[in-house]
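Peer 1: Quick one: the structure is below, and I'll ask about it shortly.
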Amino acid sequence: MTNRPTVLIASYLEPDYVERIRSEVPEVEVIYRPDLLGKPRYIADHSAPVARSAEQEAEWKALLGRADILFDFDFSHREDLPELATSVRWIQATSAGIGQFVRRMGYAERMNCIFTTASGVHARPLAEFALMGMLMFAKDYQYLASEKENHHWARYCATELAGKTLAVIGLGNIGRETAKLAKAFDMHIIGTRRHPEIPVEHVDELYGPDTLDPLLKRADFLVLATPHTPETEKIIGSKEIATLPDNAVIINIARGVVIDQDALIEALQSGKLKGAALDVFDPEPLPEDSPLWDMPQVIISPHSASTAETENQKITQIFIDNLHRYLAGDTLNNVLDTDRLY
């Protein structure tokens, strides 16, 4: 390449990480204009609201027109990004689950572009959230919180995770990390994957994605960690919930639409389920009048279980590794399959 490719960073990134990209990959020109981006509301906020003057907006559009590579999608121009960023040939996302967004926006058809995900970055935080949920229900934190609120001291008996069965639907990076952590608690791990004939470390039994009943019947804890595809929408409905043992716990760290939320609410209200730990919902934000808010046996996270203070460091490393690959003409890591949507 005779001219240095231009990288435009399209969401807030800590200046230290920007400088790291520049120093480790001097073959590219890195443009970072935080004054034209939204102010982050929390660490690793990649979708902060943007407010630009007319002059700033014109400047930003000009930068989009110059860019060959985008670090993150420009969420201030979702609809017209293909028309503004006509030279972009690669977008490095800051999220793993971008398939549905790319499809919804028609980017695969409208842009001559490769999309790479942040797959793997969020596996540990999400797996830790799943473990937190399992431990809180095993140790009956709802009871402890109630006793504390009432200033009441009475000994009680909880249970332990050892020997309990964890069923994981979707053994990608997140599902495998969850299995790894759960195995440290001596749980029995069963799960689904597209190719169940290939062993997965820390998983005791494997089933295909269309063989759920044997898995559900034994699940003390059910973790949903599957990508959102047409095949996985409402993969857990009334029938599947009824198949679970009484007092099972559902933990959803996938997407809200992989479970029938009305069926979940009904099972929680009836006492069929012991509880749920939910990071994702359908729709989002969770409406104020949802019954889930007032259920003490439900843990609600505002789609934030994946976010940790280490996120941008990890994404920057993925981006740097892929920049070296891009410049060498090699295949990039974490390329989105725009047909499978992951």
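Peer 1: Going by how many other Cβ atoms sit within 10 Å of their own, how do L332, L273, L206 line up, fewest first?
Peer 2: On the way: L332 16, L273 23, L206 19.
Arranged by neighbour count, lowest to highest, L332, L273, L206 become L332, L206, L273.
Peer 1: Moving to a separate point now. Any lysines with Cα under 30 Å of the K314 Cα? List them, leaving off those in the same chain fewer than 8 positions away.
Peer 2: Within reach: K39, K61, K180, K183.
Peer 1: Let me ask something else. Using a 7 Å offset from Cα along Cα-Cβ at F185, what residues in region 245-279 end up with backbone N under 19 Å from the label point?
Peer 2: 245-254, 273-279
Peer 1: If you average the alpha carbon positions of region 215-290 and of region 26-72, how far apart do those two centres end up, in angstrom?
Peer 2: Value for the Cα centre distance between the two parts: 37 Å.
Peer 1: Now for a different question. Rounded, prolate or oblate: which fits region 123-300 when a ≥ b ≥ c are the square roots of the eigenvalues of the alpha-carbon gyration tensor, with rounded for a/c under 1.5 and prolate only if a/b beats b/c?
Peer 2: Numbers: a/c = 1.82, a/b = 1.28, b/c = 1.42.
Since a/c reaches 1.5 but b/c is at least a/b, the shape of region 123-300 is classed as oblate.
Peer 1: Compute the signed sum of charges (Lys and Arg +1, Asp and Glu -1) over the other residues within less than 11 Å, Cβ to Cβ, of L37.
Peer 2: On the way: positive: R33, K39, R52; negative: D35, D45, D72, D74.
Residues near L37 contribute -1 overall.
Peer 1: Moving to a separate point now. So what's the net charge close to P296: Lys and Arg +1, Asp and Glu -1, counting the other residues with Cβ under 14 Å from its Cβ?
Peer 2: Working: positive: K148, K274; negative: D140, E147, E149, D294.
Surrounding charge for P296 is -2.
Peer 1: Sort E231, E266, E288 so the one with the fewest other Cβ atoms within 10 Å of its own Cβ comes first. Display every interim value, and only then the final one.
Peer 2: Numbers: E231 12, E266 15, E288 6.
The most exposed by this proxy come first: E288, E231, E266.
Peer 1: Dipole magnitude of the chain about its Cα centre, charges +1 at Lys/Arg Cβ and -1 at Asp/Glu Cβ only, in debye to the nearest 20?
Peer 2: Details: 34 positive and 51 negative charges, 90 e Å.
In debye, rounded to 20, the chain gives about 440.
Peer 1: For region 123-300, what relative contact order do you get, as a whole percent, if you take Cα pairs closer than 8 Å and at least 6 residues apart?
Peer 2: Working: 317 pairs, mean separation 33.3, N = 178.
It rounds to 19 percent for region 123-300.
Peer 1: Same structure, new question: Per residue of the chain, what 222 nm ellipticity follows from adding -39500 (n - 2.57) for every DSSP H run with n ≥ 4, rounded to the nearest 500?
Peer 2: Details: 12 runs with 112 residues, N = 342.
Value at 222 nm, helices only: -9500 deg cm²/dmol.
We did not get these values from a lab; they are worked out from the coordinates using the rules stated. Nothing here was measured: the structure is a model prediction, and the numbers come from that model. Note: ideal-geometry Cβ built from the backbone for every residue, glycine included; neighbour counts use all protein chains shown.
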